[in-house]
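Where a number appears in this text, it was derived from the coordinates with a stated rule and is not lab data. What you see is a predicted model; the values in this text were computed from it and never measured. Neighbour counts run over all protein chains shown; Cβ positions are idealised from the backbone, glycine included.
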Amino acid sequence: MEKDTYFVAVKVFLEHDGKLLIVKDNFGDWDLPGGRLLPGEFETPLEEVVKRKLAEELGSEVQYVLGKPVVYMRHERKEAAPGNPTVRIFALGYKAAFEGGDIRLSARHPEMQWVDKHTFKPEAYFTGGWLKGVQEYLALP
């Protein structure tokens, strides 16, 4: 039996005053802050990977309290690479509380929104495994 291959990622459900931060990537897709592990991060604690990704995507001044992973997501997407291969991503979705600091989006994320957790319609923004993960997160008690 053939085994499947996944990239591994960390995603952050960053909350502030009942709102959740979502970001748009430079391909026009809405996403959560976070991303894939680098080849040299095999031994790196996942919380350190989260720290790196949030600094890259939201800026080094962002302050937050990171909780535990609360959602596990499997997402499939076409890569912006030669041949546009389809890849699969397994992501741990961490809950986090925004504590302050200026958010300075990276060039790869031209837009962000704080959305109300109680009225947000994720199906208007997300697809695939990211949509399922956000829906699961919003349904948590």
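Ordering T119, H109, L54 by the projection of their Cα atoms onto the charge dipole of the chain, which places +1 on the Cβ of Lys and Arg and -1 on the Cβ of Asp and Glu, puts T119 at the extreme positive end.
If you take every residue apart from T44 with its C-beta less than 12 Å away from the C-beta of T44, what net charge results, scoring Lys and Arg +1 and Asp and Glu -1? Result for the local shell: -1.
Net length available on complete extension from T86 to H16 is 21.8 nm, with 0.36 nm assigned per residue and the Cα-Cα distance removed.
Modelled label positions at T5 and L38, each set 7 Å beyond Cα in the direction of Cβ, lie 2.1 nm from each other. What translational diffusion coefficient, in µm²/s and rounded to a whole number, does the Stokes-Einstein relation yield for the range 36-96 at 4 °C and a viscosity of 1.567 mPa s, taking the hydrodynamic radius as the Kirkwood radius over Cα pairs? Reported coefficient: 97 µm²/s. Taking the longest Cα principal axis of the chain as reference, the axis of helix 46-58 is set at about 70 degrees.
Here the convex hull built on the C-alpha positions of the range 7-138 has a volume of 107 cubic angstrom per residue.
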